[in-house]
Structure formats: structure tokens, C-alpha cells
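Everything below concerns the one structure shown next.
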Amino acid sequence: MRIRTILGLFSVLALTTTVEAGITDPAPPGFATVWSVPGVMNNLSVGAAFICTATAAANVSVEVFDASGALQSNGVSAGLNPGQSATFVTQGLPNLVATHNLGVTTVFQGSARVVASSSKVICTALLMDTAGNLISGLPIVKKTSQKGQ
């Protein structure tokens, strides 16, 4: 009986796998996750903007994921010198000078992460309507841990 129980336990463990998706995936080569952003949306009436400034030279990119964790952005990156900023958008948004369009299609309940070659990058994230009005700021989380975790 004990052998059957142990074999059954091994069978369950063998079928259990850990699947990483979205912001917990490894960053692209040469980059590390600096910031994570929950609550990203992109549709016909709402888009997201990510504005980042380098405090030291860095290559910076923003990756957007849908609710299932699937990558939705095109991998565009910006090489920034100290003090330079870049604005990444999920779509064209009036009243905002976007330097990099992420080419995102429809995303609800999504997330994003800022990946960079240096941790010396500060960012903010916004949800805006397609008329150019600010809807809300989005929380920015250091790497993948909020305070209190």
C-alpha cells in the first residue's frame, strides 16, 4: 500500500509543471526587469503610455503582455544617455509625443515590464483615452515585488 501511495505521489508531481508567463519570463539577453506594471489596457478607446528616463546610460524597452501572459509588443528599444527620456505607447495617443510605438493589439487585464541594461531607469505609466485625456496613472512595481511582499 505504501509503495502505491509513493508511486501515486510521484505521478502527480511528474504531471505538475511550473509555467512562467508574462512579467516572470526571463528578460531578453542583455536586459533585466527593472519595473513591472499591472493593469495595462489597449483597445479602440484606451491606450497605455510608459515614460522612462535614464539616470545612467541604458538600453530600455517595454514589453506588454495580455491576461494570459502572452507577449503582445514588438520589442522596440531605446538607447538612452543619462538624463534622456523615451515615451513608449501601445498606440498613437494625442497630446503625447511618443518616441516608440509598441505595436500592441487589443489587451485587457494585461501587464507590462520595463527591461533595461541598467537599473538606473525611472519610469511612470499612464492610461489615456484615444482623445488624449488622462484616465489614470498605473502602479509601477520594483521588479516583480510590491512593498509588503
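When the surface is traced with a 1.4 Å probe over the full set of protein chains, Ile51 keeps roughly 50 Å² accessible. Among Cys123, Cys52, the sequence by solvent-accessible area, most first, with a 1.4 Å probe is Cys123, Cys52.
The trypsin sites (Lys or Arg not before Pro) of the range 47-149 that DSSP puts in a loop, and whose beta carbon has at most 10 other beta carbons within 10 Å, are Lys147.
Here the calculated FRET efficiency for Thr105 and Ala56, from their Cβ-Cβ distance with R0 = 35 Å, stands at 0.55, rounded to the nearest 0.05. Here the range 69-149 has 50 percent of its accessible surface on carbon and sulfur atoms, given a 1.4 Å probe and all protein chains in place.
The values are calculated or read from the model by the stated rules, or taken from the named source; none is laboratory data. Given the structure is predicted, the values throughout are model-derived calculations rather than measurements. Here the Cβ is made from the backbone with ideal geometry for all residues, glycine too, and neighbour counts use every protein chain on show. Accessible surface is based on the protein model in full, side chains and every heavy atom, while ligands, DNA and RNA are left aside. Shrake-Rupley method; radii C 1.70, N 1.55, O 1.52, S 1.80 Å.
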